[in-house]
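Read through the structure below, which is laid out as structure tokens, and then see the notes.
Nothing in this text is a laboratory measurement; each read-out follows from the coordinates by a stated rule. Since the model is a prediction, treat every value here as computed from it, not as a measurement. For neighbour counting, all protein chains shown are included, and Cβ atoms are generated from backbone atoms with ideal geometry for every residue, glycine included.
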Amino acid sequence: MEKPARAEEGPPVSPSAAPPGATDTAGPGAPSPVSPYSRRRIGLITLGLMLGTFLSALDQTIVATSMATIADDLKGVDAQAWVSTAYLVTLSMTTPLYGKLSDVYGRKPLFLGATSVFLLGSVACSFAGSVYQLAVYRGVQGLGAGGLVITGLMIIADTVPAEARPRYQGAFMSVYGLSSVVGPLLGGFFSGRGSILGVTGWRWVFLVNVPTGVVSLVLVAVAFKGSRSGGRQRVDWWGAAILPFAVVPVLIVAEHGGSWGWLSARSAGCYALGAVALVAFLLVERAMKLEALIPLRLFGIPAFRTTMVTAALSGVGMYGGIVLVPQYLQIVRGQSPTEAGLMTIPLMVGMMAAAVFSGGAVSRTGRYKGLTVAGMVLTVAGLALFATVDVRTPLWQPVVYMVVFGVGLGNCLQTLTVAAQNCVPREAMGLSTSLVTFFRQIGGSLGLAALMSVLFRPLAGNIHDAFVKAARTREFLAALNDPAVRSAPENAPFFSAVKGGGAGQGALSDMSFLQRLDPRLAGPFKEGFVTSISLSFLVAAGVAALGFVAAALLVEKRAPHTGSADPE
């Protein structure tokens, strides 16, 4: 049996250690056994934090749904990928910094500052006059979004008694499922309107953040008294400055490598810059020791190291599944983005229910490993089941698969956060929470890029093969030679592509015409797409299976934080 990490050692914290009006006298990462807050005030704080998390999660889905309309209006279709890249880059690179700063300076100022920056970026986005301006303003949004979830989770840890913390954090994380449904609905609504109250419809995609963010700010500012800062006041600014140069090039290649070529000169330049920056970052972190932005000694704790690996691998399944499922619903089932958002409600319900259930179970028993392992099993099962769907699969089957997948994700989101918090000393709890999110985001982003490559790289060939097969059927040939079908305007894109010999290549850039195309002509496109997406689901399931192996190796640290020993 493995010897417990020193993070578990130390004398118990007495209830008298928390005087009235203070949530923590040993640093912001040390939750008091008895909360100084009433249940009503805890509810107000939790509501404010959940609204902040909702903003961060919603912004990605609502913008993704509206991006085609936005790019058309701003005349920047070719540059639209930079809008999502800017947000993802700034969000990811600031996540560890927020965790560290909240451990040093306290949670409240960091949460209020992050929310204010996010709202400032949202308002700026609504005034964007070009795609490049929008990308810059989205970067500002990401600077704020990086702190909303992390500092929110840690305020919960400072506010709620340790034994009840998992239950609250479970409800807190369930908003990700809600955002995956609400985002496409709101994005479709706003982008489909020419103007609302004299303002272009898509600009409300960003303005809608303002009232929600203001409510979040007020609730947390009034209800949360704040926590005292930790004893160490030194911040690893050199590490914070170098980390973006290690992370950003990788994320840029993940976003654009498919179009550039994974081994192109631009991609190779990004690889080289990232590698050099990573070496420099590790040298700085080694010199900073426990004051580092990401203390390398934390990775000497087997439970922490395994948790980070599990988070990264689970992120591939999470991000991949959440993106691939709507692709299947829209392209193969012919649903609009709004309809696809409604169809993913079962996934959202499964995720929310599992997050709340797992939080309550961990609060009652202190155990989380079994739930994590079960979550990874269900995640693998859901992805593998989606690999079996085809054009003729009854709709109820993918609905059931979404529930399985959602329950799996819900079990993993919360329990991995608890695992990271329980295996480090109290003063590093904010940092460990941020690193779980950081590794999940990095793993998910890189995995998603690989899955999109698996999906689209062979797509043209798969569609071509499907056309060859369809050409032998009487139904397809009848549609191909029907004068009424050939003269219908909605079928014009198909015949233009066929005439140019590029039916498969055209599918790589835009498949929206399939919703209007004669079903007999659309069949080969859908068959080819199903072949590609099934392989993507299988790859995602394989990576998630590695996450299951990592979860099975987790060393469970049951006790709440009762000591503050260094993690050596």
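Separation of the stretch 151-222 from the stretch 268-328 is 26 Å, based on Cα centroids. Annotation: amide H-H contacts under 5 Å for residue 196 (H modelled 1.01 Å from N, sequence separation of 5 or more, or interchain): 201. Residues 339, 163, ranked from the fewest to the most other C-beta atoms within 10 Å, line up as 163, 339. Counting beta carbons within 10 Å around each of 271, 176, 319 and listing the fewest first gives the order 271, 319, 176. By the count of neighbouring beta-carbon atoms within 10 Å, fewest first, 116, 445, 432, 84 end up ordered 116, 84, 445, 432.
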